[in-house]
Amino acid sequence: MSKTHHSTIAYLFFYLLLLLYITNGKAQETPLQKKSLIVYIQELEGLFNIKFSYVDEDIRPLEIRVPKSSPLAGILADIHDQTQLKIQKLSERYYTLTKSATVDICALVLDNFEKNTVPGATVEVLGSSLAAITDLNGRFAFQNIPRKAVLQIKHLGFKPLFLVAEDLVNHNPCTNILLAQSFQQLDEVVVIQFLTTGIVKETDGSILISPQDFGILPGSVEPDVLQTVQALPGIKSTDETVSDINIRGGTNDQNLILWDGIKMYQSGHFFGLISAFNPYLTDKISIIKNGASAAYGDGVSGIIDMRTKNEFPKVLSGGAGLNLISGDVNLRFPINEKLGFQFSARRSITDLLDTPTYEKFSVRAFQDTDVSRNNDFYFYDFTAKLFYDINGRQKLRFSFLKINNQLDYFETSQEGSRSSESNLNQSNLSFGGSLESTCSNSFSTIINAYYTHYDLDSRSVTANGQQLLLQSNLVTETGLKVNTTYSLGDSVDWLNGYQLTETGIENATDVSQPPFKSDITEVVRTHAFFSELSYTAPRKNLEVRGGIRINHFENLGTFNQFTLEPRLNLNYAINKDFNAELQGEFKSQATNQIIDLEQNFLGIEKRRWILSDGNQLPLTKSKQGSLGFNFDRKNLYIGVEGFYKEVNGISTRTQGFQNEGQFTGEIGKYAVKGLEFLINKKTVDYSLWFSYAFNENNYVFEQIIPSKFPNNLDIRHTFTLAGTYTYNHFKLSLGINYRTGKPYTKPSETNPIETTFVPYTINYAVPNGSRLPEYIRADASASYAFTIGRNIKATAGISVLNLTNRENILNTYYRLDSNDQIETIENSSLGLTPNLSFRVRF
């Protein structure tokens, strides 16, 4: 692959020019100086030797922007446009200024938080039949309306605003009007802004993320779905990847990740460093740590439920963006009044440019692997959605997703006598459909069906073609889900449903020298029935959701097992500022990930998906309870939550053991007790927060001595201090993360190598008896929004991960080299990693 640093320099030079353009554009938009009208016309009288006749009380309160130098006629026309005063010329020297009975007005309606335009607001001239709707830019205008007419501006989610017409006499530019968000003064506690805009805490304890409203977070100017969730207390990634997210001490395979109701088995690009889900058509992401609805199966640790935009696209809209890793485009448009379409596409530029970001990502992704730096790597993803509104009560939707990572490299020894060629392909193909039907005002149904196919393949040819290694991990899943909701009055909803899932997983390995071949295929079919009641008190101070889920697991006839899973979620508002949350759930799942060898799939993607067989690997089951209290008054939020979680049916192979338990497959459990605390001070201009999480996470494996020891993910203390600041169209965010080191196992000091048998093995000390150094990382990001044309908005941003360039050790393990000596392997974190981005939307 031929690359030069000239391309990087050229790209950075382009970005500097862009910033200069933005700065210049901003300077040109500086408003003209304002001056008292009565003072200004006195200056005009002296300058042009003229006289004005007027009623002092009519013009004394008025101010205008001083017009640029122009003939007197142009100046007078500008005064008229700004004040709507009637200007009459009596002679060459004398003029009169009088208030007209009617005025022409023009205004832009914006929200008072982010100053985004508010399209679709209703504007009424009270006492008349005149009314208007703000356009896509939030603009409205009236002509010849009474000067003292009162206007009412209304929009769902905002407080009504009343204005006098003459206060809006300001045509160039139109007057900006700020609408205040509407908050119902009920006993129910709803957190509107949580950390940054676009993140909301719901009354059931779940976190709702809206990428289209996303503000800014440290180290990220784009709403990367799986990076954003790690800003929440209790959620982190111990290896800095989005493909290994740990929710309350659980492993990544214990998370249920859904995209438009389809279960995902691949979540990352660049082997886990970037989310594989394009955020710009994603409408809502629900993060559930406990107390999930009975409609959800799997996910004994947590749930990440992503939904793309589901409303019919009434107008053409879209956007495009570019950063130092990839470029993307998205579009939404109606085909006719019942049929609409949307799509997004993203592709890396890593095989075209050697950017600084790519260099840092490569070092992180390919350290301790068989992959050389001289490689061809790229990724892409594509999503599509078809909308068909059958009628006012039925909606049909079809969704499609394709994700792909491709790596190829060729390496020749320095002597030129031996060569190796390898490639790795990781892909996911998913599609599904849903039919939403509103049968009556009290009864509705949703039918969802999907198919997903995950494929991980690697091929390595070494020693001039003498040795061939093929590895593959294939997951195929089909699903059907039916939900019905019946409203038993204003306070009670009854949810019932059925879910059928069939999951097949194949694992294959083929080695030519020495000859070895393995091909294992398993299938699990799951039937689930669920029922759930939700109650909301008339005063909105109590919300209760309770349900039960019954699962039947069947694995090719090798085992049949039923599980009973009760769920509870309760929120009680003690007063308008203070509420309590009680949550609990039982869950189970049959899919798991294992690591057989560190060199699996070239050492990059080490995990393989497998299925529970009821023997060597039982069903994984969890039970969890939590109690939390939240205080939310005006601009201050304080939340604290304690929890206890126990997960049974885990194996040393699914937990990523890197000691003597790595291959034994011992069955055990882990238990986590923890506390999560968050304090968030927020205003219109800034948001500051501090979060702390305490976890005590221990394994119990009866066949290992000692039987109880720290979990591989036992991070006892995690602190985050961060903030965001907004000034006009500029946003800045800074943050620092600290956590104590994770456990690892050292070789025995007295007898480190077992030489009794061949091949030699390492004798280890007490499991997880040592800890890595603490992890500290500071991140920053900034963005600036501006307008290119009438309907085109743009954003330029910069982010920096690990500002201090601190080397954090993420993992340490040991292996024997070719001379049977112990070799220490350390995986390091990302170094100082900058990224630039530029986006447009319309």
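Screening the stretch 544-564 for residues that are among the charged types (D, E, K, R) and open to solvent by 30 Å² or more (accessible area, probe 1.4 Å) and picking the one that is farthest from the chain's Cα centre (by Cα) gives Glu554. Residue-level analysis places Gly735 outside the set of residues that are touching a residue at least 12 places away in the same chain (Cβ under 8 Å), surrounded by 15 or more Cβ atoms within 10 Å (Cβ to Cβ), among the small types (Gly, Ala, Ser) and in a loop (DSSP other than H, G, I, E, B). A search for C-beta distances below 8 Å between a residue of the stretch 827-842 that is farther than 30 Å from Pro313 by Cα and any residue that is open to solvent by 40 Å² or more (accessible area, probe 1.4 Å) and polar (S, T, N, Q), counting only pairs 6+ apart in sequence or on different chains, returns Asn827/Gln367; Ser828/Gln367; Gly831/Asn805; Leu832/Thr804; Leu832/Asn805.
Looking only at residues of the stretch 36-47 that are touching a Lys or Arg at 6+ places or on another chain (Cβ under 9 Å), closer than 15 Å to Pro67 by Cα and not polar (S, T, N, Q), we find that the one that is least open to solvent (accessible area, probe 1.4 Å) is Leu37. Please go through the stretch 791-826 and give me each residue that is touching an Asp or Glu at 6+ places or on another chain (Cβ under 6 Å) and part of a strand (DSSP E or B), ordered by number. Within the stretch 791-826, Leu801, Ile809, Leu810, Thr812, Arg815, Glu823, Ile825 qualify. Per the listing Leu331, Leu316, the residue uniquely open to solvent by 10 Å² or more (accessible area, probe 1.4 Å), at pLDDT 95 or above and farther than 18 Å from Thr228 by Cα is Leu331. Can you say whether Ala537 is open to solvent by less than 40 Å² (accessible area, probe 1.4 Å) and under 31 Å from the mean Cα position of the chain (by Cα), as far as the supplied structure shows? For Ala537, the condition - open to solvent by less than 40 Å² (accessible area, probe 1.4 Å) and under 31 Å from the mean Cα position of the chain (by Cα) - is not met.
Restricting Ile667, Ile650 to residues that are β-branched (Val, Ile, Thr), farther than 29 Å from Asn737 by Cα, out of contact with any Cys (no Cβ under 9 Å at 6 or more places or on another chain) and open to solvent by less than 10 Å² (accessible area, probe 1.4 Å) narrows the list to Ile650.
Within the option set Val229, Val242, being within 28 Å of Gly327 (Cβ to Cβ), open to solvent by less than 10 Å² (accessible area, probe 1.4 Å) and part of a helix (DSSP H, G or I) holds for one residue only, Val229. Within the stretch 565-591, the set of residues being of a type in the set (A, V, I, L, M) and either buried (at least 17 other Cβ atoms within 10 Å of the Cβ) or under 16 Å from Ser534 (Cβ atoms) (or both) comprises Leu568, Leu570, Ala573, Leu582, Ala590.
Residues in the stretch 453-487 that are in contact (Cβ under 8 Å) with a residue 40 or more places away in the chain, open to solvent by less than 50 Å² (accessible area, probe 1.4 Å) and either of a type in the set (Asp, Glu) or under 15 Å from Val511 (Cβ atoms) (or both): 7 in all. Got at least one residue in the stretch 264-284 being open to solvent by 10 Å² or more (accessible area, probe 1.4 Å), of a type in the set (D, E, K, R) and in a loop (DSSP other than H, G, I, E, B)? Among the residues of the stretch 264-284, not one is open to solvent by 10 Å² or more (accessible area, probe 1.4 Å), of a type in the set (D, E, K, R) and in a loop (DSSP other than H, G, I, E, B), which makes the answer no. Close contacts from the stretch 359-370, counting a first residue that is farther than 15 Å from Glu605 by Cβ and a second that is among the hydrophobic types (A, V, I, L, M, F, W, C) and open to solvent by 50 Å² or more (accessible area, probe 1.4 Å), with Cβ to Cβ under 9 Å and a gap of 6+ residues or different chains, come to Lys360/Leu832.
Of the candidates Gly205, Gly249, the single residue that is modelled with pLDDT of 85 or more and either out of contact with any Leu (no Cβ under 7 Å at 6 or more places or on another chain) or under 30 Å from Arg539 (Cα atoms) (or both) is Gly205.
Taking the conditions (1) open to solvent by 50 Å² or more (accessible area, probe 1.4 Å); (2) assigned to a strand (DSSP E or B); (3) within 16 Å of Asn176 (Cα to Cα) in turn, Lys115 satisfies each one other than (2).
When Thr750, Thr720, Thr745 are checked against the criterion of being open to solvent by less than 30 Å² (accessible area, probe 1.4 Å) and over 26 Å from Gly642 (Cβ atoms), a single residue qualifies: Thr745.
Pick from the stretch 694-716 the residues that are of a type outside the set (A, V, I, L, M, F, W, C), part of a strand (DSSP E or B) and over 17 Å from Thr238 (Cα atoms): which of them is least open to solvent (accessible area, probe 1.4 Å)?
Checked the stretch 694-716; the qualifying residue least open to solvent (accessible area, probe 1.4 Å) is Tyr699.
Restricted to the stretch 357-382, and to residues there that are part of a strand (DSSP E or B) and within 25 Å of the chain's Cα centre (by Cα), the residue that is modelled with the lowest pLDDT is Phe377. Might you let me know whether the stretch 525-534 holds any residue that is under 29 Å from the mean Cα position of the chain (by Cα), modelled with pLDDT of 95 or more and surrounded by fewer than 18 Cβ atoms within 10 Å (Cβ to Cβ)? No: zero hits.
The values are calculated or read from the model by the stated rules, or taken from the named source; none is laboratory data. Being a predicted model, the structure only gives us computed values, none of them experimental. So basically every Cβ, Gly included, is an ideal-geometry build from the backbone, and we count neighbours across all protein chains shown. Calculation scope for accessible area: heavy atoms of the full protein, side chains included, ligands and nucleic acids excluded. Shrake-Rupley method; radii C 1.70, N 1.55, O 1.52, S 1.80 Å.
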